[in-house]
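So the structure is just underneath, and the comments pick up after that.
Nothing in this text is a laboratory measurement; each read-out follows from the coordinates by a stated rule. The structure presented is a predicted model; accordingly, all values stated were derived computationally and were not measured. Cβ coordinates were reconstructed from backbone atoms using ideal geometry, including for glycine residues, and neighbour counts include every protein chain displayed.
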Amino acid sequence: MHSLQVETRIYNGQEACYVKATTDVPVVISTEEVIREEHLIGIAGTVGFGVGAIPEMLLPEGFVKQTGHNDKTSSNYGNVVDPSGSVMVWIPRFYFKWNIDNTLEISAYPLEGYVLHRAFIDGGLTKHGFFIDKYQCSNVNGVFVSQKNLDPCSTHIDHNPIGDLSVAPSNTYGGLYKAVSGRGSGYNLTALYQYNALALLSYAQGQATSSIAECAFVDVLPHFPKGCNNNALQDANDSDVQYSSSGHDNCALTGSGVPFAKTTHNGQECGVADINGNMWEVASGFTKMNDTDAIFKTLKQSVSLSDIIDDDTTQGSGGAYDIDLYDDLDLSGIIDDSATSKYGNASETTFEMSSDISSEAYKRTCNGIPVALGKSTGGSTKFGNDYLYEKWRNQLACIVGGNWNNYSNAGAFALNLNNARTSLLLVEKVVAPIKQANTLKQKCVNIVVSYTLLN
């Protein structure tokens, strides 16, 4: 006999039941749906948090669950292989709550004071979750794929350029939309708010436990994923984390960090790798259409990311720079035309909290934009001292995560707003902190791909 707690809630206008304790007993919602505890986002500080097993009814055609997919203790928990051979990780939807003391709470349930993260709203619908590539992408037989121990693609002609892919995108940041389209329909260039969802999961996991059994990266401050970021194939804060060279400068092979669990978003083998350093990654869903004020653009919740397949700038085209796809987001007094800051400012609140998904506060927070007093020159270890480069850049292509040669710019929250759609490499090597657009190692840009399921 098994005992279990079941909670009934209303999602998308339908009654749904969820297991509230670990159990082997499935809860049957209907003849079409079975939800188990392992299908949920989990509890911060525990094994399996930040990833989930996808219910069979939601698995897209051609996707194959890896051995151990449903086992929280497995290195393949929540991992699948898509038709291209790419390894992807399932992130179940979650609700969050930032408190004024910078503590963060994550739940699989819409508890009072919590709000659904923007990463799970697409095309006007609430999503069960999304797949995201486990590794940075490489060129395998002309397709932009996510596999381990490969040389990551870039936008520079001398380093595995995306222009060599079968779909022949331009070697620019904007070209990444076309690069992604070569994987097939339903994929999208990962949105800034999806990267923020990973950063929140990393933050919550790092704050909730001091045990390396649950989270490998918590033995060395800051309590965030480690990365290839010291220009010597190591992590700047944790010299035990080492990478294998890709053969290009000090860029690492994809997912080659050892110990691997220290380099993933949840500190476990099952997580998403290399969200700190190695290669800057271009994020969609957040841009700017002028260089004269602090009005930025965030993708409308009614728009489906996977419908954006190129970087067309024409109004009404449906391209990534079609102004009709976006809402205004006023960042006056928060993001300056040219400034460098870091996340965190002593005991000041870093992110504002709103349970209204239509509010500008909600949109700012889900895109990783802090409040005005939530950033400072030195930042806070609690937020990894992660870097925020502020700029009013027309046709903005924001980049996240940092790269291999400058640890002060790298991290799960790291965000650079200084680059445009047509950006490409201008300077071959940089060892100093980024100051201007032409000192960015832009050849290092790469992107992971997410596949957002229909409801």
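Backbone phi angles across the stretch 109-125, fed through the Karplus curve with coefficients 6.51, -1.76 and 1.60 (θ = phi - 60°), yield HN-Hα couplings of 10, x, 6, 4, x, 8, 9, 5, 6, 4, 4, 10, 10, 7, x, x, 10 Hz in residue order; Gly and Pro are listed as x. The smallest convex shape that holds all Cα atoms of the chain, its convex hull, gives 129 Å³ per residue. Note on the chain: helix-only mean residue ellipticity at 222 nm, from DSSP H runs of 4+ residues weighted -39500 (n - 2.57) and normalised by residue number, equals -2000 deg cm²/dmol. Taking the Cα centre of the chain as origin and assigning +1 to Lys and Arg Cβ atoms and -1 to Asp and Glu Cβ atoms, the resulting dipole is close to 520 debye. Taking Cα atoms only, the orientation of helix 192-208 departs from the longest principal axis of the chain by about 60 degrees. Once the C-beta distance of ASN394 and LEU221 is scaled by a Förster radius of 35 Å, the resulting FRET efficiency is 0.35 to the nearest 0.05. Once the Cα-Cα distance is subtracted from the 0.36 nm per residue extended length, the ASP71 to THR103 segment shows a gain of 8.6 nm.
Measuring nothing but how far apart in sequence close Cα pairs (under 8 Å, 6+ apart) lie, relative to its length, the chain scores a relative contact order of 17 percent. With both labels modelled 7 Å from their Cα along Cα-to-Cβ, the GLN242 to ASP324 distance reads 5.6 nm. When the Cα positions of SER306, HIS223, SER185 are compared along the charge dipole of the chain, HIS223 comes out farthest toward the positive end, with charges on each C-beta of Lys, Arg, Asp and Glu. In plain terms, the chain from ILE295 to LEU125 could stretch by 58.6 nm, reckoned as 0.36 nm per residue minus the Cα-Cα distance.
For the stretch 36-50, backbone phi angles converted through the Karplus equation (6.51, -1.76, 1.60; θ = phi - 60°) give residue-by-residue couplings of 10, 4, 6, 7, 9, 5, x, 10, 3, x, 10, 5, x, 4, x Hz, Gly and Pro being listed as x.
Which of the pairs LYS148/LYS363; LYS297/LYS382; LYS97/LYS127; LYS148/LYS288; LYS363/LYS391; LYS288/LYS375 have their Cα atoms more than 23 Å apart in this structure? Exceeds cut-off: LYS148/LYS363; LYS297/LYS382; LYS148/LYS288. Judged by the mean number of other Cβ atoms found within 10 Å, the most tightly packed of the peptides 97-105, 251-259, 158-166, 397-405 leads the ranking 397-405, 251-259, 158-166, 97-105. In units of the rule-of-thumb radius 2.2 N^0.38 Å, the stretch 312-410 shows an alpha carbon radius of gyration of 1.20. Scalar couplings 3J(HN,Hα) for the stretch 88-97, obtained by applying the Karplus form with A = 6.51, B = -1.76, C = 1.60 to θ = phi - 60°, are 10, 10, 8, 10, x, 5, 8, 10, 9, 8 Hz; x denotes Gly and Pro.
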